[in-house]
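Q: Input: one structure, supplied below.
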Amino acid sequence: MGLWNFVKDAGKSLFGSAEAAQPDADTLQKEISDLGLDASGLDITVDGDTVKVEGDAVSQEIKEKIILAVGNVEGVAAVEDEVKGSDPVFHTVVKGDTLWGISAKTLGNGARYQEIFEANKPMLTHPDKIYPGQVLRIPQD
């Protein structure tokens with residue numbers, strides 16, 4: 001459980017316009033559903049630019065993916081995690097990062113980049129499509 005910071009203006013736009021709108025709980029629930037993630041047992045609320053996720057997730061993996069799915073949305077600056085389970089390991093992408101480099105730094109071997117890619121599906125659709133400010137899930141053994 002913790003508070004995870006995100007880059008408010010770097011996330012996925014759910015509103016289809018250049019003018020950033022503040023996402024609400026229903027919009028975020030739809031995004032989670034559209035990604036095919038099972039949010040049963042979780043309650044998602046929005047207070048300003050902070051999203052609160054609480055309850056019991058289906059699994060640790062789903063917990064982490066839902067935190068990222070709502071956090072990597074334009075207009076969200078933080079996600080307050082009140083979900084049972086261990087704290088996830090995240091990495092915020094900076095300019096020049098590649099999954100290979102992130103893998104070398106966080107997993108000790110750049111060739112393990114595919115593990116990071118797989119751990120972030122369905123939010124990631126291609127290993128080369130990451131952007132500065134995006135937060136990625138780092139899988140733990």
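The values are calculated or read from the model by the stated rules, or taken from the named source; none is laboratory data. Fair warning: this is a prediction, and the values are worked out from it, not measured in the lab. When we count neighbours, we look across all protein chains shown, and the Cβ atoms used for this are built from the backbone with ideal geometry, even at glycine. Just so you know, the surface numbers come from the protein's heavy atoms only, side chains and all, with ligands and any DNA or RNA stripped out. Shrake-Rupley method; radii C 1.70, N 1.55, O 1.52, S 1.80 Å.
Q: Given the criterion at negative phi and free of Cβ contacts under 8 Å to residues at least 60 places away in the same chain, identify the matching residue among Asp141, Asp81, Asp87. Walk me through how you get there before you give the answer.
A: Details: Asp81 fails: free of Cβ contacts under 8 Å to residues at least 60 places away in the same chain; Asp87 fails: free of Cβ contacts under 8 Å to residues at least 60 places away in the same chain.
It is Asp141.
Q: Being of a type in the set (A, V, I, L, M, F, W, C), more than 17 Å from Asn120 (Cβ to Cβ) and modelled with pLDDT of 95 or more is the filter here, so list the residues in the stretch 52-71 that pass it.
A: Residues of the stretch 52-71 that are of a type in the set (A, V, I, L, M, F, W, C), as a first pass: 53, 57-58, 62, 66-70.
Next, from what is left, pick out any that are more than 17 Å from Asn120 (Cβ to Cβ): 53, 58.
Listed by number, the list holds a single entry, Val53.
Q: Open to solvent by less than 10 Å² (accessible area, probe 1.4 Å), touching a residue at least 60 places away in the same chain (Cβ under 8 Å) and farther than 15 Å from Gly11 by Cα: does that describe Val135?
A: Answer is no for this residue.
Q: Kindly check whether there is at least one residue in the stretch 95-106 that is among the hydroxyl-bearing types (Ser, Thr, Tyr), modelled with pLDDT under 95 and within 19 Å of Gln140 (Cα to Cα).
A: Taking every residue of the stretch 95-106 in turn, none turns out to be among the hydroxyl-bearing types (Ser, Thr, Tyr), modelled with pLDDT under 95 and within 19 Å of Gln140 (Cα to Cα).
Q: Any residue in the stretch 107-123 that is without any contact (Cβ under 8 Å) to a residue 60 or more places away in the chain sitting within a Cβ distance under 6 Å of a residue that is open to solvent by 60 Å² or more (accessible area, probe 1.4 Å) and in a helix (DSSP H, G or I)? List the pairs, counting only those 6 or more apart or interchain.
A: Partner pairs satisfying both residue conditions: Gly110/Trp100; Tyr113/Trp100.
Q: For the stretch 109-139, give me each residue that is among the small types (Gly, Ala, Ser) and at pLDDT 95 or above.
A: Across the stretch 109-139, the qualifying residues are Gly110, Ala111, Ala119.
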